[in-house]
Number of protein chains: 2
Amino acid sequence: MAENAPRRQPTLDEVAERAGVSRSVASRALNNAPHVSRAKREAVERAVRQLGYVPNPTARALATRRAGAAALVVSGEDPSIFADPFFAQVIVGASGALEEADLHLMLCLAASDRGRKRVGELLRSKGADGVMLMALREDDPLIRMAEEAEMPVVFGGRPVGPVPRWYVDVDNVGGAREATEYLASRGRTRVAAICGRLDTEAGRARYRGYRDAMLAAGLDPFPPQEGDFTEPSGAAAMAVLLAEHPDLDGVFAANDNMGAGALRTLREAGRPVPADVAVVGFDDLAVARIADPPLTTVHQPITAFGREMARMLVALVNGQDPTPLILPTRLVTRSSA
Amino acid sequence: MAENAPRRQPTLDEVAERAGVSRSVASRALNNAPHVSRAKREAVERAVRQLGYVPNPTARALATRRAGAAALVVSGEDPSIFADPFFAQVIVGASGALEEADLHLMLCLAASDRGRKRVGELLRSKGADGVMLMALREDDPLIRMAEEAEMPVVFGGRPVGPVPRWYVDVDNVGGAREATEYLASRGRTRVAAICGRLDTEAGRARYRGYRDAMLAAGLDPFPPQEGDFTEPSGAAAMAVLLAEHPDLDGVFAANDNMGAGALRTLREAGRPVPADVAVVGFDDLAVARIADPPLTTVHQPITAFGREMARMLVALVNGQDPTPLILPTRLVTRSSA
DNA sequence: CCAGGAACTGGGAGCGCTTCCAGTTCCAGG
DNA sequence: CCTGGAACTGGAAGCGCTCCCAGTTCCTGG
């Protein structure tokens, strides 16, 4: 900026004039709409090139009533929740799908009151064509904001409470069940659960899956040892578990971060993994591979999760009525169990 | 959506009518500009509340010629570069600063040609008020796009080549030097470097810092063993190093991901850390704390990095001329060195 | 009591684009 | 040679907001 002459951006009028056509024709040519003769279309293209014209997205948005953008909002009382690499992968997927639909991605970290207020305004204004909501907690104010919004909203992961109309989720119950069954099948009988926040549906569902599998295997489920999906919370939960149940021989952690934390505590406590205690995580993020020992974990297709969420939103924006989606998980065995 | 009556959003005109004032007064009241009597201001506020009015950001943007949004673009030939938790932290910082300035954050992963083209259009249209550019490689097409743009651009990390007018960077040379000096001060004499991509300035600068410190300590710098900032590349680089220089006793890795990879290879090779080989990383991401052993590393203030980048952009957007910023690093000693 | 400002008000002209629609051109068929 | 309709064109009306500016009201001091 600033280096160049402060000449204004050329407008469509100037393009039209230069091409010797009317503004409407120029507009149609640009959006390659019908009713433009080949000759004029080319004239417009030439003028565009000569002038270095780029349409003003704002004006276009105003005229079409389409913002040309979708928002991804990540809830949480603390922006650091976003540090979880999970979201980065979701974004990669969503970004790609949005790019295909020529929509921009707006990212909102709705942590502060101010942030939530801005999301509320976004939902009620026409600042975006649709919104993807993630990491909602029980009674999250965003839930009701979303209900009241006259704008397409897709949920990334079902929230606690009534099931929304449009969502993408992962088979949390099934994944947790599979992980626990695996542990049981390897002869582990005293398997504890480090579960995620129980004010999220993912936290609850994964615990349910664990409990179901334990009962089905004729084992006693442990009460939930709650963490908050972070590594330190996993380490802390593991410490409590070790103190209360020194004889445990397996742990299902509701995500890899907490699994890594559990591994750390076990290492510090001198309990070899998996010889003494087997550990299974959930997510299959990079940390699972890096952990020592590498973490057996429930893989979920995170990039696909983001992609499908965005595709669903695009469908909604285009007036279709897509069906909710539940993505499958699969167990990835490494050496921790 | 869809549940409610399809009534249109109320407009400012309706608010004005309801409040019994003119549109201009309503507008001024909304933007709490001067020249509005207390009574009318309150009347407008009441009408806004009754109607549930929310200003249309697009119309506002068109009229003010302010998009109300800033873009953060992450370059790279592969969107997976974004999976590096580094960016998540930058975003947390940037998002907060942007929120203070009431700007939305648009995120662009400029990986594909199409993605780059869209960024180019963004830069030339008025789709955003300014742009933050990150992860630029040598000869990155985005560099020249940015030069030609008549729009505020802040670089996050200097690119290879001419120094841009506005940037935020971290003291890569100093950090790398400190890390290497530390290794030398602990008696390590055969210290190798796993460096980052040498087509990035961060990769080069960190290697320079390493080399400077080695020479200053009277030691022989190793030639750069290049990785791409990912964990597997660090593991691979470490393997090569071990094969070529089995007698090395220290490694400076240009980031924590690669440091973690190096740790993994060393573990698999049965070389105890730090007893046999000391390892230092760079970044101080979560992985450094989780690694086994926890990684001594060069801390960089990543959230501040994002925050300052955004603040600089906001200053630019407001017509100021901020000065570039280089953030300090500091060594965090854990047990890997 | 009046002139002169300060404070306030609201009409109207945009911002740059899309799109409706009335009008024009063109051509095949009668 | 004329008619009717398809193909195309361009003027004009917005989209919803801001902001200039001319006009009005309301004080104050002389």
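The values are calculated or read from the model by the stated rules, or taken from the named source; none is laboratory data. Computed from a predicted model, the values in this text were never measured in an experiment. Cβ placement follows ideal geometry from the backbone for every residue including glycine, while neighbour counts extend to all protein chains displayed.
Here are the numbers:
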{"item": "Within segment B:51-80, tally of residues that are at the interface with another protein chain (Cβ under 7 Å from one of its Cβ atoms), crowded, with 19+ Cβ neighbours inside 10 Å, within 16 Å of DNA strand C (Cβ to nearest atom) and part of a helix (DSSP H, G or I)", "result": "4"}
{"item": "A:Ala176, sole failed condition from (1) out of contact with any Pro (no Cβ under 8 Å at 6 or more places or on another chain); (2) within 13 Å of chain B (Cβ to nearest Cβ); (3) not acidic (Asp, Glu)", "result": "(2)"}
{"item": "Filter result (among the polar types (S, T, N, Q) and either more than 42 Å from the chain's Cα centre (by Cα) or more than 8 Å from DNA strand C (Cβ to nearest atom) (or both)) within segment A:21-38", "result": "A:Ser22, A:Asn32, A:Ser37"}
{"item": "Options B:Val36, B:Val48; residue that is of a type in the set (A, V, I, L, M, F, W, C), more than 9 Å from chain A (Cβ to nearest Cβ) and assigned to a helix (DSSP H, G or I)", "result": "B:Val48"}
{"item": "Test set (1) closer than 23 Å to A:Leu325 by Cβ; (2) facing chain B (nearest Cβ under 9 Å); (3) crowded, with 24+ Cβ neighbours inside 10 Å - A:Arg165 fails condition number", "result": "(3)"}
{"item": "Test: A:Arg38 is touching a residue at least 12 places away in the same chain (Cβ under 8 Å), surrounded by fewer than 21 Cβ atoms within 10 Å (Cβ to Cβ) and not polar (S, T, N, Q)", "result": "no"}
{"item": "Index of the failed condition, A:Arg7 passing every other in (1) at pLDDT below 85; (2) more than 9 Å from chain B (Cβ to nearest Cβ); (3) not in a helix (DSSP H, G or I)", "result": "(2)"}
{"item": "Residue list for segment A:241-261, restricted to those being touching a Ser or Thr at 6+ places or on another chain (Cβ under 9 Å) and aliphatic (A, V, I, L, M)", "result": "A:Leu241, A:Leu242, A:Ala253, A:Met258"}
{"item": "Filter result (of a type in the set (Asp, Glu) and within 7 Å of chain A (Cβ to nearest Cβ)) within segment B:283-300", "result": "B:Asp292"}
{"item": "Those helices (runs of 4 or more DSSP H) lying entirely in segment A:135-242 with at least 3 residues in contact with a Phe, Trp or Tyr (Cβ under 9 Å, 6 or more places away or on another chain)", "result": "A:172-185, A:201-216"}
{"item": "Leading residue by the ranking (farthest from the other protein chains (Cβ to nearest Cβ)) among those in segment A:267-282 that are out of contact with any strand residue (DSSP E or B) (no Cβ under 6 Å at 6 or more places or on another chain) and small (Gly, Ala, Ser)", "result": "A:Ala275"}
{"item": "Residues that are among the aliphatic types (A, V, I, L, M) and either more than 6 Å from DNA strand C (Cβ to nearest atom) or not in a helix (DSSP H, G or I) (or both), drawn from segment A:10-20", "result": "A:Val15, A:Ala16, A:Ala19"}
{"item": "Hey, A:Leu107 in the same structural domain as A:Arg158 (by TED's automatic domain parsing), under 27 Å from B:Val90 (Cα atoms), among the aliphatic types (A, V, I, L, M) and within 16 Å of DNA strand C (Cβ to nearest atom) or not", "result": "no"}
{"item": "Boolean, B:Ala239 is aliphatic (A, V, I, L, M), in contact with a helix residue (DSSP H, G or I) (Cβ under 7 Å, 6 or more places away or on another chain), over 16 Å from B:Tyr210 (Cα atoms) and more than 13 Å from chain A (Cβ to nearest Cβ)", "result": "yes"}
{"item": "Candidates B:Ala101, B:Ala94, B:Ala83 - the one that is more than 16 Å from DNA strand C (Cβ to nearest atom) and free of Cβ contacts under 8 Å to residues at least 12 places away in the same chain", "result": "B:Ala83"}
{"item": "Evaluation of B:Leu109 against (1) away from every other protein chain (no Cβ under 11 Å); (2) in a strand (DSSP E or B) (one fails), failing number", "result": "(1)"}
{"item": "Output for segment B:25-63, where each listed residue is among the basic types (Lys, Arg) and either in the same structural domain as B:Ser125 (by TED's automatic domain parsing) or more than 22 Å from A:Gly127 (Cα to Cα) (or both)", "result": "B:Arg38, B:Lys40, B:Arg41, B:Arg46"}
{"item": "Selection status of A:Ala26, facing chain B (nearest Cβ under 9 Å), within 13 Å of DNA strand D (Cβ to nearest atom) and surrounded by 20 or more Cβ atoms within 10 Å (Cβ to Cβ)", "result": "no"}
{"item": "Positions within segment B:49-68 being farther than 26 Å from B:Leu98 by Cα and within 11 Å of DNA strand D (Cβ to nearest atom), in sequence order", "result": "B:Leu51"}
{"item": "Exclusive hit being part of a helix (DSSP H, G or I), under 15 Å from A:His104 (Cβ atoms), facing another protein chain (nearest Cβ under 7 Å) and free of Cβ contacts under 8 Å to residues at least 60 places away in the same chain, set B:Gly115, B:Gly120", "result": "B:Gly115"}
